[in-house]
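Below is one structure; the comments refer to it alone.
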Amino acid sequence: MKLTLLAAAMAGLLWTGAAFADEAADKAQRQQLIQSLHFQTGDIALDKANAHLHLQPGFRYLDQAGARKVLENLWGNPPYEDVMGLLVPDNAGLDSDHSWAVVLTYDDSDGHVSDEDASKIDYTQMLKDMQQSTQESNEERKKAGYSSVQLVGWAQPSRYDATSKRLHWSKELAFSDVNGHTLNYDIRVLGREGYLSMEAVADMADQALVSDGMQQVLPMAEFDSGHRYADFNPHTDKLAAYGLAALVAGGVAAKTGLLAKIGLMLLAAKKLVVVGFLAVAAFFKKIFGGKNRGGGTVS
């Protein structure tokens, strides 16, 4: 009996030692990856978007290659080819429990997004519609192998600056397989041909940290001359069939895979970040359908 207990104890020690060794090796590998990254500061050209980032102290930039290393190799996301870059704050290490970053993407596939509906949006009703749509999507999410999600509410209601053409908001989400709630913070900068997205995900416990950081990020992006919102030419440029309301409502989608223009990325601690969504077509029609817009376009 004593020999059996001793053997069991030795086996336990060997397993624990192997686990510690694996953890140490994994940590070393992650640190090596982080050290291989090439961070940039100052003014950054975003050629795909015809825009620039004017980085302020406290943030560094990773180009597409570096961003994909972090998102895919460090944080375990599936491949995401549309990411342009990553803004990384200095106050939260990429490998820390409080890590967060800002994913940059650009979308000109639908054309110029008008802000004509800015003063007409009922965000209280929009939240109710988004919560219902999110709830209805959970059955499909489960079938696709994803956890269910609940849109708890606004962490910060949408705010739009008509002068700078910047829209930003944040949501509180609850995923069934994640302890605690998740913060999803979104910024959209409107341009002539499309819009720039700057999106972050974090624990709700880090809301103050991330919200302060995103306020610093908000003014950093600027479209180049000739590609700004005011440069839109209704006679030659494509006009999107939706406005600001759709950009906000499109931030919660049903699932990945079967529905077009939807991307889900799995971050550390199994947090889901929604990257570059447009709303599901049926959801658009439900809320915005039948409204005529300039140039004969129907949303």
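Derivation of every value follows stated rules applied to the coordinates shown; laboratory data play no part. On a predicted model such as this, the values are computed, not experimentally measured, just so you know. Using ideal geometry, Cβ is built from the backbone for each residue, glycine included, and neighbour counts are taken over all protein chains shown.
Tabulated values for the structure
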item: Sorted peptide list for 50-57, 168-175, criterion being average Cβ within 10 angstrom, highest first; result: 168-175, 50-57
item: Highest-first arrangement of 23-33, 187-197, where packing means the average Cβ count within 10 Å; result: 187-197, 23-33
item: Net charge over other residues, Cβ less than 15 angstrom from the Cβ of Gln56 (K, R count +1; D, E count -1); result: -3
item: Förster radius 35 Å - calculated FRET efficiency between Lys48 and His235 (Cβ-Cβ, nearest 0.05); result: 0.90
item: Radius 12 Å from Cβ of Ala45, net charge of other residues (Lys, Arg +1; Asp, Glu -1); result: -4
item: Flagged links, alpha-carbon separation over 25 Å, of Lys27/Lys48; Lys48/Lys165; Lys69/Lys142; Lys120/Lys142; Lys48/Lys120; Lys142/Lys171; result: Lys27/Lys48; Lys69/Lys142; Lys120/Lys142; Lys48/Lys120
item: Potential extension, Thr41-Met204 segment - 0.36 nm per residue separation minus Cα distance; result: 55.9 nm
item: Stretch gain in nm, segment Ser148-Ala28, where the contour uses 0.36 nm per residue and the Cα spacing is subtracted; result: 39.8 nm
